[in-house]
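Following: one structure in structure tokens, then a few remarks.
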Amino acid sequence: MKRQFCIPLLVLSCFMVGCNAGFMSALVAPQQWSENYALLDGATCSVPAMADGNLETVGKANQHWIIVTLPTRKPIHRIVIRETNIEDLIIYESIGGEGEWKRIDKINNNRKSTIDMRVSVVTDGIRFKIGETSDDKRLAGDFSYQENRLRNRQVKRGYPIAQEIELYGFVQKKTSNSE
């Protein structure tokens, strides 16, 4: 009994896919990334060399936070930090008023030179709070015992560096009136 319904259903499905190949390919077509929003006119970065569009420059943050502000709210789906020494960071989105941020993601123990992550936010600002970098140095002396482990409390923090910070959305597909 089940076979009687399966075969016609399979044939009908194949027919529909064949007739609507354009429709089906549009549904599964890969998205294209937008332009880099960090390079838009009016966009700013607290470390300008990190969002200048030039991979030859290296930005060095004097603090352990970086803020990229956009001229208008944009849907952001991809964040890329190129050639960086950042190992741990928390990413926040601006949620309106000045100084109001919402945590959207966290990275721990990054060992890659490029961080490439997917997010889904609509915002006009992204803030990065940097924890450790690969340039942090543990200093001898001043040890403490905590939770049955020996810990070195002295750390000389390295400066966070990056060649480029990029923020992307998706390209908006144009629809024609003839469809």
Quick count over region 47-69, residues being under 17 Å from the mean Cα position of the chain (by Cα) and polar (S, T, N, Q), is 1
Residue hits (region 30-64; surrounded by fewer than 17 Cβ atoms within 10 Å (Cβ to Cβ), at pLDDT below 95 and closer than 15 Å to Tyr159 by Cα) are Asn62, Gln63
Test: Ile95 is out of contact with any helix residue (DSSP H, G or I) (no Cβ under 7 Å at 6 or more places or on another chain) and among the β-branched types (Val, Ile, Thr): yes
The one condition Asp105 fails out of (1) part of a loop (DSSP other than H, G, I, E, B); (2) within 22 Å of Ile130 (Cα to Cα); (3) at pLDDT 90 or above is (1)
Note on region 56-89: residues touching a strand residue (DSSP E or B) at 6+ places or on another chain (Cβ under 6 Å) and of a type in the set (A, V, I, L, M) are Val58, Ile66, Ile67, Val68, Leu70, Ile76, Ile79, Val80, Ile81, Ile86, Leu89
Within region 50-102, residues touching a Leu at 6+ places or on another chain (Cβ under 6 Å) and assigned to a loop (DSSP other than H, G, I, E, B) come out as Gly53
Of the listed residues (Glu98, Glu132), the one being surrounded by fewer than 19 Cβ atoms within 10 Å (Cβ to Cβ), at pLDDT below 95 and either under 30 Å from Pro30 (Cβ atoms) or among the charged types (D, E, K, R) (or both) is Glu98
Within region 139-161, does at least one residue satisfy the condition of being among the charged types (D, E, K, R), surrounded by 11 or more Cβ atoms within 10 Å (Cβ to Cβ), within 27 Å of Asn54 (Cβ to Cβ) and modelled with pLDDT of 90 or more? no
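The values are calculated or read from the model by the stated rules, or taken from the named source; none is laboratory data. Just so it is clear, the model here is predicted, and its values are computed rather than measured. Here the Cβ is made from the backbone with ideal geometry for all residues, glycine too, and neighbour counts use every protein chain on show.
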